[in-house]
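Student: Got a structure for you, questions after.
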Amino acid sequence: MQKIICLLFFLVANTIVISQELAPIQNYGIADYEAGNQNWSITQTADHYIYFGNNNGLLEFNGAGWKLYPSNNGTIIRAVHAVDKIIYSGCYMEFGFWKRSEFGNLEYTSLLNKLDQALIEDEHFWNITSIDEWVLFQSLNRIYLYNTADESIEIIDFDTSRAKIFNLGNKIYIQKESEGLFSIQNGKVVLVSDNQNFKDNFIVGIYNHSKKLLVITEKGKFYFLKDNEISEWKIEAFK
């Protein structure tokens, strides 16, 4: 009997320890947030509000409740990105930003009136990122660079089948199929490497590692890039 009590105490004690180590997880369904059934992107503002690009618009969660803001033209918001307390968003044929008013609600400002040329027909915005004073909105055809300091917009024509921007904090990298890896410098696209591995394989990740770029492709290949020289990081390196 004493052994059984000791065993039960051990199991209970271990359960308590394990439960203390696990972070609490709360699941939310459509019935909870009352919006579309698909969320495309997520971001968090400096005041810890969380925002989702949702089928029905911009979805806000403050930790206790949900609020939905329909997009300016009623289409799906696929890209959201917060800078401080401002939320930038992009959808079909529209991009701009949301800012909280004195009454506590978000108000939307379109940036289309800043353009000196029209959007491409049926243009969707899939990705948004920021670096320094620039906010970059990416579609499958272009990259729009919004200067938050002077509110001007520069446009880079850049066709791609997948909208993906790699932001390393000090530099922006993008890939163009069949052409290689590029960076954006001073509003211009500059070729970084036209190595065949970067032409033929879709890049899913780029990271700084020991003063070199570590590039990961969709096929699970790892490459180091430095001074235009590329070398594969093979699994044997871990042995």
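Student: For the range 106-132, which positions are without any contact (Cβ under 8 Å) to a residue 24 or more places away in the chain, under 25 Å from Phe61 (Cα atoms) and open to solvent by less than 80 Å² (accessible area, probe 1.4 Å)?
Tutor: Thr109
Student: Before we move on, is Leu136 under 20 Å from Gly53 (Cβ atoms), among the aliphatic types (A, V, I, L, M) and touching a helix residue (DSSP H, G or I) at 6+ places or on another chain (Cβ under 8 Å)?
Tutor: Numbers: under 20 Å from Gly53 (Cβ atoms): yes; among the aliphatic types (A, V, I, L, M): yes; touching a helix residue (DSSP H, G or I) at 6+ places or on another chain (Cβ under 8 Å): no.
Here the answer is no, as Leu136 does not meet what is asked.
Student: Right, here's the next one. Could you count how many residues in the range 90-105 are part of a loop (DSSP other than H, G, I, E, B) and surrounded by 15 or more Cβ atoms within 10 Å (Cβ to Cβ)?
Tutor: Here is the first cut: in the range 90-105, the ones part of a loop (DSSP other than H, G, I, E, B) are 93, 101-105.
From the residues that got through so far, the ones that are surrounded by 15 or more Cβ atoms within 10 Å (Cβ to Cβ) too are 93.
The total comes to 1.
Student: For the subset of the range 139-165 comprising residues that are closer than 15 Å to Leu111 by Cα and not in a strand (DSSP E or B), which member is least open to solvent (accessible area, probe 1.4 Å)?
Tutor: Taking the candidates together, the pick is Ser152.
Student: Looking only at residues that are aliphatic (A, V, I, L, M) and free of Cβ contacts under 8 Å to residues at least 40 places away in the same chain in the range 53-75, which one is surrounded by the fewest Cβ atoms within 10 Å (Cβ to Cβ)?
Tutor: Within the range 53-75, the subset aliphatic (A, V, I, L, M) is 58-59, 64, 68.
Now narrow it down to the ones that are free of Cβ contacts under 8 Å to residues at least 40 places away in the same chain: 59, 64, 68.
Values: Leu59: 23, Ala64: 5, Leu68: 15.
So the residue we want is Ala64.
Student: Has the range 183-204 got any residue that is basic (Lys, Arg) and assigned to a strand (DSSP E or B)? Before the answer, list the steps.
Tutor: Initial filter on the range 183-204 (basic (Lys, Arg)): 188, 199.
Next cut, assigned to a strand (DSSP E or B) only: 188.
For the range 183-204, residues basic (Lys, Arg) and assigned to a strand (DSSP E or B): present.
Student: Let me confirm something: among Ile50, Ile30, which residue is surrounded by fewer than 21 Cβ atoms within 10 Å (Cβ to Cβ) and at pLDDT below 95? Spell out the reasoning first.
Tutor: Numbers: Ile50 fails: at pLDDT below 95.
Answer to the check: Ile30.
Student: Looking at the range 176-187, can you tell me whether even one residue there is hydroxyl-bearing (Ser, Thr, Tyr), farther than 25 Å from Ser41 by Cα, in contact with a helix residue (DSSP H, G or I) (Cβ under 9 Å, 6 or more places away or on another chain) and at pLDDT 95 or above?
Tutor: To start, the set of residues in the range 176-187 that are hydroxyl-bearing (Ser, Thr, Tyr) comprises 178, 183.
Then keep just the ones that are farther than 25 Å from Ser41 by Cα; that gives 178.
Applying the additional criterion that residues be in contact with a helix residue (DSSP H, G or I) (Cβ under 9 Å, 6 or more places away or on another chain) yields 178.
So of that shortlist, the ones also at pLDDT 95 or above come out as none.
No, that holds for no residue.
The values are calculated or read from the model by the stated rules, or taken from the named source; none is laboratory data. Here the structure is a predicted model, which means the values were calculated and not measured. Every residue, glycine as well, gets a Cβ built from its backbone with ideal geometry; the counts of neighbours run over all protein chains shown. Surface accessibility is based on the protein's heavy atoms, side chains included, excluding ligands, DNA and RNA. Shrake-Rupley method; radii C 1.70, N 1.55, O 1.52, S 1.80 Å.
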